[in-house]
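Chemist: Once you've had a glance at the structure underneath, I'll fire off some questions.
The values are calculated or read from the model by the stated rules, or taken from the named source; none is laboratory data. Owing to the predicted nature of the structure, the values given are computational and were not obtained by experimental measurement. Backbone-built Cβ (ideal geometry, glycine too); neighbour counts: all protein chains shown. We work out accessible area using only protein heavy atoms, side chains counted, and drop any ligands, DNA or RNA first. Shrake-Rupley method; radii C 1.70, N 1.55, O 1.52, S 1.80 Å.
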Amino acid sequence: MLAGAASGICWTVAPASAGAATNSVPAGCTTSRTSDGKWIGVSCDVGRYYVYGSACNERACTSVGGPVVSAPATSWAYAGSGYFNGPIRAIFV
């Protein structure tokens, strides 16, 4: 469950576009991006991993990662005052 969901905030989560995930997420992993671009997630069949992506606002871009999770859990990252664009990556640890 996403942080904030308990407070009544609702997000629509859909699989990220195939173009955005090209060469960034291995087979056995799926990515998600909320419709507002504030959250990204990655879930894999095996391993320990976290989600990683680039979040931008009107001033700059920065790299943001989520917590390390074990399969099949989803690691979520929040963009703060910006939004995520570009590829979503699964980083294995």
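Chemist: Kindly indicate the residue of region 25-40 that is touching a residue at least 40 places away in the same chain (Cβ under 8 Å) and within 19 Å of ALA73 (Cβ to Cβ) and also least open to solvent (accessible area, probe 1.4 Å) among those meeting that condition. Reasoning before the result, please.
Modeler: Here is the first cut: in region 25-40, the ones touching a residue at least 40 places away in the same chain (Cβ under 8 Å) are 25-26, 29, 31-33, 36-40.
In the following step, the residues that additionally are within 19 Å of ALA73 (Cβ to Cβ) were identified as 25-26, 29, 31-33, 39-40.
Numbers: VAL25: 35, PRO26: 56, CYS29: 24, THR31: 17, SER32: 27, ARG33: 48, TRP39: 27, ILE40: 1 Å².
Restricting to residues being touching a residue at least 40 places away in the same chain (Cβ under 8 Å) and within 19 Å of ALA73 (Cβ to Cβ), the top hit is ILE40.
Chemist: Looking at SER75, SER63, SER54, can you tell me which residue is in contact with a Cys (Cβ under 6 Å, 6 or more places away or on another chain) and either assigned to a strand (DSSP E or B) or not basic (Lys, Arg) (or both)? Step through it out loud before you land on a result.
Modeler: On the way: SER75 fails: in contact with a Cys (Cβ under 6 Å, 6 or more places away or on another chain); SER63 fails: in contact with a Cys (Cβ under 6 Å, 6 or more places away or on another chain).
After ruling out the rest, the residue left standing is SER54.
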